[in-house]
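Report on the structure given below.
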Amino acid sequence: MTPPADGPHAESLTWLIEELFTAGARQAGLKYLQGIGLWLPSGPTDFAIPDLSLVESDYRDAHVEKNCFAPHIFRMVVEVTSSNWSDDLGTKVDCYAQAGIPVYLVADRRHDEVVLHTDPRGGEYRSRKPFKRGTSVPLPESLGITLELSVDRLLDGDEG
């Protein structure tokens, strides 16, 4: 069993939720949810549970089974690396691309950067953009909200 995440991991996600709220995600017809299951196309019982997901507000209509939902309702998934960081940087990149998730954002605390994956085609992300400390990550306009996220806050949590 994977050990629980640390405090800064939880702070990063809480801060991100606050930013999504301020950016008007709800008004744009989106919900931000932690721990929601994403049904994957790689097998009849394959699923992932991203740290945070930005989904269509009618996501409940896309229930598959085992508290998992069809990939088409996911606009973005977010992972903040923990002890299982290799999954977030390897396996999950491939799985989310194969599922067609438009945006995959990884706060890679092991390598001290945030990586934005976009444009999934043919089972892989065509765009991978790393962002270093002291910069911001502009989320794609295709999400329906305008938002730039501090790399430092995504990596360290909300220290304010």
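The values are calculated or read from the model by the stated rules, or taken from the named source; none is laboratory data. Not measured: the values here are computed from a predicted model. Positions of Cβ are generated from backbone atoms using ideal geometry, with glycine treated the same way; all protein chains shown enter the neighbour counts. All accessible areas refer to the heavy atoms of the entire protein, side chains included, with ligands and DNA or RNA removed. Shrake-Rupley method; radii C 1.70, N 1.55, O 1.52, S 1.80 Å.
Observations on the structure shown:
- Here is the figure for the stretch 8-21: residues that are open to solvent by 30 Å² or more (accessible area, probe 1.4 Å) and in contact with a Phe, Trp or Tyr (Cβ under 7 Å, 6 or more places away or on another chain) total 1.
- Among residues of the stretch 124-140 being of a type outside the set (S, T, N, Q), part of a strand (DSSP E or B) and touching a strand residue (DSSP E or B) at 6+ places or on another chain (Cβ under 6 Å), the one that is farthest from Leu155 (Cα to Cα) is Arg126.
- Pairs, first under 27 Å from Asp58 (Cβ atoms) in the stretch 1-27, second surrounded by 12 or more Cβ atoms within 10 Å (Cβ to Cβ) and modelled with pLDDT under 80, C-beta under 6 Å, six or more apart: Trp15/Asp158
- Figure legend. Inter-residue proximity from the stretch 74-97: first residues under 13 Å from Glu124 (Cβ atoms), second residues open to solvent by 20 Å² or more (accessible area, probe 1.4 Å) and at pLDDT 75 or above, beta-carbon distance below 6 Å, spacing 6+ or different chains. Indicated pairs: Ala97/Pro120; Ala97/Gly123; Ala97/Glu124; Ala97/Tyr125.
- Look at the stretch 111-123: where a residue is farther than 16 Å from Arg153 by Cβ and a partner is part of a strand (DSSP E or B) and polar (S, T, N, Q), sitting 6+ places away or on another chain with Cβ atoms under 9 Å, you get His117/Ser127; Thr118/Ser127; Asp119/Ser127.
- Within the stretch 39-55, restricting attention to residues that are over 11 Å from the mean Cα position of the chain (by Cα) and not in a loop (DSSP other than H, G, I, E, B), the residue that is modelled with the highest pLDDT is Trp39.
- Neighbours by Cβ (under 6 Å, 6+ apart or cross-chain): first from the stretch 40-58, closer than 11 Å to Ala25 by Cβ; second of a type in the set (Phe, Trp, Tyr): Leu54/Tyr32; Val55/Phe74
- Residue list for the stretch 22-35, restricted to those being open to solvent by less than 90 Å² (accessible area, probe 1.4 Å) and either part of a loop (DSSP other than H, G, I, E, B) or in contact with an Asp or Glu (Cβ under 6 Å, 6 or more places away or on another chain) (or both): Ala23, Gly24, Ala25, Ala28, Gly29, Gly35
- Condition broken by Glu19, with the remaining ones in (1) in a loop (DSSP other than H, G, I, E, B); (2) at negative phi satisfied: (1)
- Within the stretch 56-73, the set of residues being exposed (fewer than 15 other Cβ atoms within 10 Å of the Cβ) and assigned to a loop (DSSP other than H, G, I, E, B) comprises Ser57, Asp58, Val64, Glu65, Lys66, Asn67.
For (1) at pLDDT below 90; (2) under 21 Å from Ile17 (Cα atoms); (3) in contact with a Pro (Cβ under 8 Å, 6 or more places away or on another chain), each residue gets a yes or a no:
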residue: Phe69; (1), (2), (3): no, yes, no
residue: Arg75; (1), (2), (3): no, yes, yes
residue: Val78; (1), (2), (3): no, yes, yes
residue: Thr81; (1), (2), (3): yes, yes, no
residue: Gly90; (1), (2), (3): yes, no, no
residue: Ala97; (1), (2), (3): no, no, yes
residue: Glu113; (1), (2), (3): no, yes, yes
residue: Thr118; (1), (2), (3): no, yes, yes
